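The values are calculated or read from the model by the stated rules, or taken from the named source; none is laboratory data. The structure presented is a predicted model; accordingly, all values stated were derived computationally and were not measured. Methodologically, a virtual Cβ is constructed for each residue, glycine included, from the backbone with ideal geometry; neighbour enumeration extends over all protein chains shown.
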Amino acid sequence: MKLYITYGTQHYLENLPEASSDHSILLESSGDAALIAELEGENPFQEGHGYEILNARGQLKEGSFAVLNHIQVTEEGRSLFEERFKQRAGLVEQEPGFAAIRVLRPEENDPYIVMTLWKSQGDFTSWQQSNAYAEAHKNRGTGSGLPQTLFSGPSFVKEYDVVSKS
């Protein structure tokens, strides 16, 4: 299974043929938008980014709020980074309001993306203040965490509202 993302304005993306397919969701944040298609097969977008799904839980269409954490990983660090995510505790799935998670390996030189979907922004905020969040991130910046040499640059997070679930 693959996941494809293309970016643009909401007006532009909602008029693409893929926007009305059963496997797509449209996201919006302060005038920026992203159209996501989860499917077997080739990239349906002319200007889309492709990702292999390394880990998937839940249904994308169950969420109303999406968080995409973009993580820049060096070529040499990919296998260790992926192995660490395969061993993740999976505590987020037990949180109230959790809808879905996708851990995404880029097909090109793009950052990895860890995407979570929530029933509401409040559910995401509650998770960030939970023991499960603290446990999942307890090794960040410590000797037990991933070495900083694995990362080719800073990570960044983008939050979106789900505006259309085809």
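Observations, loosely collected:
- Residues being closer than 13 Å to residue 36 by Cα, surrounded by 13 or more Cβ atoms within 10 Å (Cβ to Cβ) and not hydrophobic (A, V, I, L, M, F, W, C) - total across segment 9-20: 3
- Residue, modelled with the lowest pLDDT, within segment 61-81, restricted to residues that are more than 27 Å from residue 161 (Cα to Cα) and buried (at least 16 other Cβ atoms within 10 Å of the Cβ): 81
- Test result for residue 28, free of Cβ contacts under 8 Å to residues at least 12 places away in the same chain and acidic (Asp, Glu): no
- In segment 12-63, of all residues being among the small types (Gly, Ala, Ser) and closer than 24 Å to residue 90 by Cβ, the one that is nearest to the chain's Cα centre (by Cα) corresponds to 56.
- Selection over segment 41-53 of residues that are closer than 25 Å to residue 98 by Cβ and exposed (fewer than 15 other Cβ atoms within 10 Å of the Cβ) gives a count of 2.
- Only listed residue being in a loop (DSSP other than H, G, I, E, B) and in contact (Cβ under 8 Å) with a residue 24 or more places away in the chain, chosen from 69, 43: 43
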